[in-house]
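**Student:** Let me give you the structure first, and then I'll get to my questions.
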Amino acid sequence: MRLSHRGARHPLVAVTLLLCALLCPTPAGASEEPGEGAGDGPGASAEVARLYEEASLATARYEVGRYAAEAQRAKVRKLNRLLKKKRRAADALHADLGRLANAQYRSGGALSQAAQLLLAESPEELMRGRRLLRQADLAATHTVDKTRRAAARLADAKRTADRAERTLDRRSEHLAELKRGIESKLEAAQWTLQGEADRAVAAGQCRGAVRLDQPETVSTRAWTAPVETYELSAGFDSAGGRWSHRHTGQDFAVGIGAPVRSVGAGRVVSVSCGGAFGIAVLVEHEDGYYTQYAHLAAVTVDQGERVDPGQWVGQAGTTGNSTGPHLHFEVRLTPQLGSGVDPVEWLDERGVRL
């Protein structure tokens, strides 16, 4: 499954999606009402749409878990550095105490205090020095004990952090396994859907519109990109052996069954099946331009239907003259092929940057 994101979401939306990924239950399956001429498996479109949503949530959960595990590993590394530093400090202080004891011994520490007083030239000075030495000795001992206690606390914290890291790693492995399982089911459902589309095109009997539950459009923008998650591939007016003339649109590399959206408000002029474009939808917009969505695996609208910006008009596929799953998107001055303009520039003029 393709996971590259060229269209970046607003940060607040991204945070909301991540929280939803952790807290929201898996959505119920999409509903579908097959239209006339429906294929032998009318539930494939709904199944793909449902699995796309499940895969998206599974990916979000996995990413949250992965970030948490990485943050925990960083915490463990920091604790390791602090613990090593504290242990080095404790060892150094302990060595200083040893040197101090040796110095005391060499300077008369082996004699009793009474003998030192008898031999000293200035008993008062000797006593003052002894007091200072004891104070220094007590201070050093206190510092060593304090450092060792701090190292012990750090060691406890590290053991706790290590346990948390192992727990998060196991959680990430579990989420990754769930994600792989959903993506495997999605891939199987995608090719089932594509097989139905290929058979319909070969028979010249396009299936009717499938009605899928889709998210409510909350954006107030008049224009949007035709797909949400994609990579740009072949561009407008590019040359290549796949086309008899130059490329007439902009290709978006997406997976089979990915929701394809109307870029703006308009009316569905035609839903066609067969030929170079395979299953395709043509929409007339209020400003007089036309947009085409080609190589689809299924359509979700009927001819003459009104559509809103962001409303699903179909599901991506690889029907017609196509070497792999993608959306071929065109912007035209007229309904006819050959009147196309650059879709990237056209969308950019309307505030949609691909």
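**Student:** Name the residues whose placed amide hydrogens come within less than 5 Å of the amide hydrogen of residue 277, ignoring near sequence neighbours (fewer than 5 apart) on the same chain.
**Tutor:** HN-HN under 5 Å from residue 277: 321.
**Student:** Mind ordering 57-65, 303-311, 259-267, 339-347 by average Cβ neighbours within 10 Å, highest first?
**Tutor:** 259-267, 57-65, 339-347, 303-311
**Student:** Turning to a different aspect of this structure: Can you compute 3J(HN,Hα) from phi for each residue in region 326-343, using the Karplus curve 6.51 cos²θ - 1.76 cosθ + 1.60 with θ = phi - 60°, rounded to whole Hz and x for Gly and Pro?
**Tutor:** The phi angles translate into 5, 9, 9, 10, 10, 10, 10, 7, 9, x, 7, 4, x, 10, x, 10, 5, x Hz.
**Student:** Let me ask another. For q = 0.15, 0.16 Å⁻¹, what log10 I(q)/I(0) does region 141-262 give under the Debye formula with an equal point scatterer on each alpha carbon and no solvent?
**Tutor:** Summing over Cα pairs of region 141-262 leads to -1.04, -1.12.
**Student:** Using a/c under 1.5 as the rounded threshold, could you call region 159-204 rounded, prolate or oblate? The axes a ≥ b ≥ c are square roots of the C-alpha gyration tensor eigenvalues, and prolate needs a/b larger than b/c, oblate otherwise.
**Tutor:** Because a/c hits 1.5 or more and a/b exceeds b/c, region 159-204 counts as prolate.
**Student:** Which of the lysines could a cross-linker bridge to residue 85, judged by Cα under 28 Å and excluding same-chain residues fewer than eight apart?
**Tutor:** Answer for residue 85, where 28 Å is the Cα cut-off: 75, 146, 158, listed by chain and number.
**Student:** Which ³J(HN,Hα) values in Hz, rounded to whole numbers, follow from the phi angles of region 306-317 under the Karplus curve 6.51 cos²θ - 1.76 cosθ + 1.60, where θ = phi - 60° and Gly and Pro get x?
**Tutor:** Rounded to whole hertz, the list is 7, 10, 9, x, x, 6, 5, 10, x, 10, 5, x.
**Student:** Using 1/(1 + (r/R0)^6) with R0 = 41 angstrom and r between the beta carbons of residue 323 and residue 157, what's the FRET efficiency to the nearest 0.05? Walk me through the numbers before you get to the answer.
**Tutor:** Details: r = 56 Å, r/R0 = 1.37.
Calculated value: 0.15.
**Student:** Where the centroid of each part is defined by its Cα atoms, how far is region 190-212 from region 61-81 in Å?
**Tutor:** Comparing the Cα centres of region 190-212 and region 61-81, I get a distance of 46 Å.
A short reminder: the numbers here are calculations on the coordinates, not readings from a lab. The structure presented is a predicted model; accordingly, all values stated were derived computationally and were not measured. Note that each Cβ is placed from the backbone with ideal geometry, even for glycine, and that neighbours are counted across all protein chains shown.
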